[in-house]
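Report on one structure; see the data block that follows.
Please treat every number below as a calculation from the coordinates, not as lab data. This is a predicted model, so every value here is computed, not measured. Here Cβ is always computed from backbone atoms with ideal geometry, including for glycine, and neighbour counts include all displayed protein chains.
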Amino acid sequence: MSAAAALRPTEPFPLPSGLSLARRLKLLLSFSRVDLSVSPVDEWQLKSALLAFLRNPPLSLSLLQDSDLSVSRLPDLQKRRRDDPVASGILYVRDLSFLRPSNRTGDDEAEKMTPEQEEKKYSQWRSSLVEKLDGIELNLKGVMYRMSVEIPASDDFTEMKKSWEDFYASELFSTRNPVRKIAKRPDTILVRGVPSRWFAETRISSKASTLVTHTIFSALGKIRTLNISNDDELEEKKDETNKGLISGLNCKVWVQFESYDDFHNAMKALCGRSLEKEGSRLKVNYDVTWDREGFFRNAQYEPAHNKLEESDAPVHGRKKHYTSRIESDHRKRFRD
């Protein structure tokens, strides 16, 4: 059994290069006005009121940091309809130690509780928290806001697994003669928004390295092939005012595993976690999903010697994608 398969829901998962996957809960928030007020949205007041509510009973999330909650006003509020949200936010709950079984002497709960039981306990707590937060009303100096809460699809492994099972089931019965078709299962994950420098060769380059990336993801299962490219689209989406100023800061990685079991365990380990690095205070909240487009089946690749470290010049208006196979990676580390 691989380490990813035996991973408990609330414990961190160590990776090579000083990296680790830390469990956290991510919630998407939206705020809409309850009354007919047209006063501008005060983001700071909204955040402060919500933090005070979360840190005090009955929720008592006392270890919640200011940086774990972000609130931003939505644009074009004058054009919105009455029921449309006026602000959005993201909440991270990172301290989940209270969900772990106690290891005190004489306490058999820690020994008897299986990973499946821990996962069930975590799911029940998560559902309870969402139920308590969804629909609450905040009064900010006479202006009433109602908050809606949802769990992002990329953080809910159960829903994500159901999505690929439904996808391949519908594909299997989409032809007139489904008997001849063979049931397929996914084997490729896509991870977006990870820092390129964390996957680079130290003191050699700031670009993500095929060898380092392969070593890191191999901790999750046996890899057949992988591909790395810049994630400029995600950077532009996060900061629309600075388009084109920073390129190559983040990267996205397609990882194809040799078996469905390795894919399944890797996806389960990546869902609902943040990437952390030893010696760094940065917590990277990447996006993870499964590849339904068949990237490695359909894409046209450049020769294996063309790597991400080389030029990313556009071809016919589209950015190149480079295949990264370890078995064919014989590039020199230093130029003559």
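Cα centroid separation, segment 245-289 to segment 122-148: 29 Å.
Could I have the simple spin-label model distance between SER88 and GLU293, label points 7 Å from Cα toward Cβ, reported in nm to one decimal? It is 2.0 nm. With a Förster radius of 41 Å applied to the C-beta separation of MET144 and GLU11, the computed FRET efficiency comes to 0.50.
Please give the contour-minus-distance gain from GLU119 to ALA153: 0.36 nm per residue of separation, less the Cα-Cα distance, rounded to one decimal in nm. Please list the in-between numbers first.
Details: separation 34, 0.36 × 34 = 12.24 nm, distance 1.73 nm.
So the chain would gain 10.5 nm between GLU119 and ALA153.
Only Cα sites of segment 30-159 enter the Debye sum here, all with the same form factor; the resulting log10 I(q)/I(0) across q = 0.20 1/Å is -1.23, listed in q order.
Estimated from the Cβ-Cβ distance and a Förster radius of 45 angstrom, the FRET efficiency linking ARG73 and SER259 is about 0.45. Full extension of the chain between SER97 and GLU137 yields a length gain of 11.5 nm, computed as 0.36 nm times the residue separation minus the alpha carbon distance.
Legend: residue pairs LYS26/LYS141; LYS120/LYS277; LYS184/LYS283; LYS112/LYS162, Cα-Cα distance threshold 31 Å; pairs beyond threshold, LYS184/LYS283. Computed extension gain for TRP44 through SER62, at 0.36 nm per residue and net of the alpha carbon distance, reaches 4.6 nm. Using a cut-off of 12 Å between beta-carbons, work out the net charge of the residues near ALA266 (Lys and Arg +1, Asp and Glu -1, ALA266 not included). Charge balance near ALA266 sits at -1.
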